[in-house]
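I have placed the structure first, in the form of structure tokens, so that the comments after it can refer back to it.
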């Protein structure tokens with residue numbers, strides 16, 4: 001597993017979504033996190049850690065991918081942000097990918113997406129040019145051809161269903177498609193990322209120290225209560 005903030009926290013969020021008890025995502029309403037569901041997911045994550053190398057406590061998702069490519073003793077991760085380029089042929093060991101491994105049927109459902117994107121600032125002094133750039137970046141030729149040819153992970157669904165792209169990235173797109181279709185989109189409240197970073201550090205430290213599940217859940221829920229809304 002990748003434990004370093006925010007990965008353990010978001011693994012818990014994914015397990016909660018998989019169990020049908022996700023964090024609330026309506027930015028006009030307070031951010032709500034079910035304390036019991038959080039504690040249950042935390043216990044599941046605690047149960048996986050004895051199977052992990054000690055270094056995992058300091059890994060983010062890129063560290064984990066790098067370790068799987070470089071080492072022969074790290075062979076499986078049930079939940080991590082996926083980077084398709086690790087399936088390319090120039091890797092020491094091409095990684096293969098699969099759907100999210102939840103604890104509740106349907107087991108592939110509930111993985112977390114969202115957070116990395118292209119956006120236009122309302123303070124932009126050159127809005128027309130910025131809009132044109134965004135339109136270029138999101139065009140089919142760029143997404144389907146240019147980005148993959150430079151080891152990038154495209155966003156358009158047309159890029160994901162292309163057989164050549166799928167082959168280039170060792171089946172990444174087809175193998176995780178069900179999880180993408182049933183994913184939980186992270187909250188987009190104002191200040192959410194600050195909460196995610198702080199709560200992520202709290203969870204990572206709790207896992208290192210063996211803090212009890214309900215103690216951690218209560219602390220994270222208290223932090224969530226301070227997240228602003230759009231209302």
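Points to keep in mind about this one:
- Against the conditions (1) surrounded by 12 or more Cβ atoms within 10 Å (Cβ to Cβ); (2) out of contact with any strand residue (DSSP E or B) (no Cβ under 7 Å at 6 or more places or on another chain), residue 184 satisfies every one except (2).
- Residue within region 68-79 that is more than 18 Å from the chain's Cα centre (by Cα) and assigned to a helix (DSSP H, G or I) present: yes
- Scanning region 27-63 for residues that are assigned to a helix (DSSP H, G or I), within 15 Å of residue 224 (Cα to Cα) and free of Cβ contacts under 8 Å to residues at least 60 places away in the same chain returns a single hit, 37.
- Residue 203, sole failed condition from (1) within 14 Å of residue 41 (Cα to Cα); (2) in contact with a strand residue (DSSP E or B) (Cβ under 9 Å, 6 or more places away or on another chain): (2)
- In the set (1) without any contact (Cβ under 8 Å) to a residue 24 or more places away in the chain; (2) more than 21 Å from residue 42 (Cα to Cα); (3) assigned to a helix (DSSP H, G or I); (4) touching a helix residue (DSSP H, G or I) at 6+ places or on another chain (Cβ under 7 Å), the condition left unmet by residue 173 is number (1).
- Residue 68 crowded, with 17+ Cβ neighbours inside 10 Å and in contact with a helix residue (DSSP H, G or I) (Cβ under 9 Å, 6 or more places away or on another chain): yes
- Put simply, of 58, 73, 40 the only residue that is within 20 Å of residue 214 (Cβ to Cβ) and out of contact with any helix residue (DSSP H, G or I) (no Cβ under 7 Å at 6 or more places or on another chain) is 40.
- Selection from region 129-169 of residues that are assigned to a loop (DSSP other than H, G, I, E, B) and more than 20 Å from the chain's Cα centre (by Cα): 138, 139, 150, 162
- Residue check, residue 22 out of contact with any helix residue (DSSP H, G or I) (no Cβ under 6 Å at 6 or more places or on another chain), assigned to a loop (DSSP other than H, G, I, E, B) and either under 30 Å from residue 149 (Cβ atoms) or touching a residue at least 24 places away in the same chain (Cβ under 8 Å) (or both): no
- Checking each residue in region 176-193 for being closer than 19 Å to residue 26 by Cβ and in a helix (DSSP H, G or I) picks out 192, 193.
Bear in mind that the values in this text are calculations on the coordinates, not laboratory data. As the structure is a computational prediction, the values presented were derived from the model and not from experiment. Heads up, the Cβs are rebuilt from the backbone with ideal geometry, glycines too, and the neighbour counts pull from every protein chain shown.
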